[in-house]
Structure formats: C-alpha cells, structure tokens
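One structure is given below, encoded as structure tokens.
None of the figures in this text is laboratory data; all of them are computed from the coordinates on show. As the structure is a prediction and not an experimental result, all values here were calculated from the model. Quick reminder, even Gly has a Cβ in these numbers, built from the backbone with ideal geometry, and neighbours come from all protein chains shown.
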Amino acid sequence: MNRLRDYGGFIGWFAGLGYIVLWPVTGAYSAHPLELPPGLHLLGFLSAVFVTARLLMHAIRRTRRAAGKVAGLQVNPAAVAPPVERKPQPVRRVVKPRKEFGLRGVQR
C-alpha cells in the first residue's frame, strides 16, 4: 500500500509541476492557454493545488522545526513513543554435521 501511495504522490507531483510550468508558457504564445478538455484542466488544476499545498506544508514544518530548536523545546521522540515489542528470537537447535550422504541404514 505504501508503494501505491508513493506512486500516486509522484504522479500528482509530476502532473502538478507540469501543469504549473505549461500554463504560463502556452498562455504567452497562444490566444487560448492550454487548449485541453475541461476534465484534463480540472485534473491539472487539482495536481497543481496538490503541489502547492505540499510545498506550503513543507515550509511550515521546516519553520516550526527551526523555531523549536531555537526555543529549546525539542522533544525527544524516543522518550515519547513506547518501545516496540518484538517477538523473542527462536532457539536454534544444534545440528551435528553429516558424516555420510544418501540413504542411511539401507543395506544392499
């Protein structure tokens, strides 16, 4: 599921940046900017909003992180999160090395 989310994010990011770049380029050289069907315009616009929102969220997180470090309010995440419970490792049996190969104990 994470891979699908990553692929979806990449597609949205790529389409949004493409739409943001193509809008002014085609608008400057033609009478009608980006002559596309309305569905593709909607998809491009939503992708552009996605890219803009992600860039804004990244900038907000970055400034909050920097402000937290300056104020000395940095919280240790290891102290807040409970330790992960792991299954104990299975006990390994000691296996004697083989002295012979093939069918053991079969008389011909």
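Between residue 6 and residue 35, the modelled labels are 4.1 nm apart [label points 7 Å from Cα along Cα→Cβ].
Extending 7 Å from the Cα toward the beta-carbon at both residue 46 and residue 84 defines two label points whose distance is 3.4 nm.
Shown for 45, 10, 50, 101: other C-beta atoms within 10 Å of each C-beta, ranked fewest to most, produce the order 101, 10, 45, 50. Exposure proxy shown here: for 1, 57, the number of other Cβ atoms within 10 Å sets the order, fewest to most, as 1, 57. Taking the fewest neighbouring Cβ atoms within 10 Å as the starting point, the ordered list for 60, 20 is 60, 20.
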